[in-house]
Amino acid sequence: MPAAEGRPTAAGPAGPAVPGPGAGWGGLLDPPGGPPPQARSPAPMQYVHTMSQPARSPRVSAAPDAPESAAGTRAAAQRLKMRRELAAAAMELFATKGYEATTVDEIAGAAGVARRTFFRHFRSKEEAIFPDHDDTLVRAEAVLNAAPAHEHPLDTVCRGIKEVMKMYAAKPAVSVARYKLTREVPTLREAEIASVARYERLFTRYLLGHFDERDHHVGNDDPLLAEVAASAVVTAHNHVLRRWLRADGQGDVEAQLDHAFAIVRDTFGTGIGAGRIAGTEPASPPPAASVSTEGEVLVAVARTDAPLDEVMRTIQQALKDR
């Protein structure tokens, strides 16, 4: 699913040293200018596991026969390898010659392929430095499609966007180099903004799939909250990612991301579904974890499928309340 202060600009001719062909590339989107409008606090609610599930994407089909699956896997791996090689060649040329002075023919030549091969993988030279977004989008969607029925949809979305962070964190030096480049080249920044918008649309569709987006009666804020919450997840991810990249890829980015997601869940997780008519939904599932105290001992009980970060939040809150 993003790069500048307010909105990242991309990198210019005198960019940082760039890894050679074969490296993977991530992407970063800085937030649009201006803070979001204030939203009223909705009444609390509990997500119920009987909410309708969103339609599966047409890209996710029935499992193919084993030989076909193996062949498809090999083809996908070869495709990604070529895209990464073209991306590495493009980044190296952008850093040494400058973005404007670099041509598609030069990128193709540096990667050892023909011009037509370049255009089988990318539509333009600016798109060439974002080779992993398509595959990461598929992985994020797979997380959504495989979500357990009891899981709050906002938690599912947070798990889905972690696939994007994994893409960046796999190659910290490469991700930092590209971040610096995209901050200096507006064309690259805009290309990345467009690619990140696809993640936000995916997560918005998923959240809306749990509610009737056509139900706009007075008092039902679910459609609004679903869209705002999806944007908040993407924004939280991008904020943590930018901070990590500015620190040259140092630090525990996963812990930082979990903290940011906890804020999003605390803000929006109890609001989605508040417009439902009381008594029309069955009882919600038990909490992920509960805590009791016996003297100086704190005892926590959690479901075996409970997310670890949610269990830890419950324990931390209980310790604070003592």
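The values are calculated or read from the model by the stated rules, or taken from the named source; none is laboratory data. As the structure is a prediction and not an experimental result, all values here were calculated from the model. Glycine gets a Cβ as well: all are built from the backbone with ideal geometry, and neighbour counts include every protein chain shown. Heads up: the accessible areas ignore ligands, DNA and RNA and are worked out on the full protein's heavy atoms, side chains in. Shrake-Rupley method; radii C 1.70, N 1.55, O 1.52, S 1.80 Å.
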### Query
FRET efficiency for Asp135 and His239, Cβ-Cβ distance as r, R0 = 25 Å, nearest 0.05?
0.55
### Rounded to the nearest 10 Å², the accessible area of Lys162 at probe 1.4 Å
50 Å²
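Could you state the accessible area per residue of segment 150-191 in Å², with a 1.4 Å probe and every protein chain left in place?
That works out to 34 Å² per residue.
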### Query
Gain in length, Arg201 to Ile263, computed as 0.36 nm per residue apart minus the alpha-carbon separation, to one decimal in nm?
20.2 nm
#### Entry: Of the trypsin sites (Lys or Arg not before Pro) in segment 110-161, those whose Cβ has at most 13 other Cβ within 10 Å and which sit in DSSP loop
Arg123
### Summary
Distance in nm between Leu308 and Ala114 label points, each 7 Å along Cα→Cβ, equals 5.0 nm
### Query
For segment 125-273, what's the relative contact order in percent, using C-alpha pairs closer than 8 Å and at least 6 residues apart?
27 percent
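Once a ≥ b ≥ c are taken as the square roots of the eigenvalues of the Cα gyration tensor of segment 61-193, is the result rounded (a/c under 1.5), prolate (a/b larger than b/c) or oblate (a/b not larger than b/c)? Intermediate values should be presented prior to the final figure.
Numbers: a/c = 2.81, a/b = 1.47, b/c = 1.92.
Judged from the Cα gyration tensor, segment 61-193 comes out oblate (a/c at least 1.5, b/c at or above a/b).
How much length would be gained if the chain were fully extended between Val301 and Gln316, taking 0.36 nm per residue of separation minus their Cα-Cα distance, in nm to one decimal?
Difference between extended and current length: 4.0 nm.
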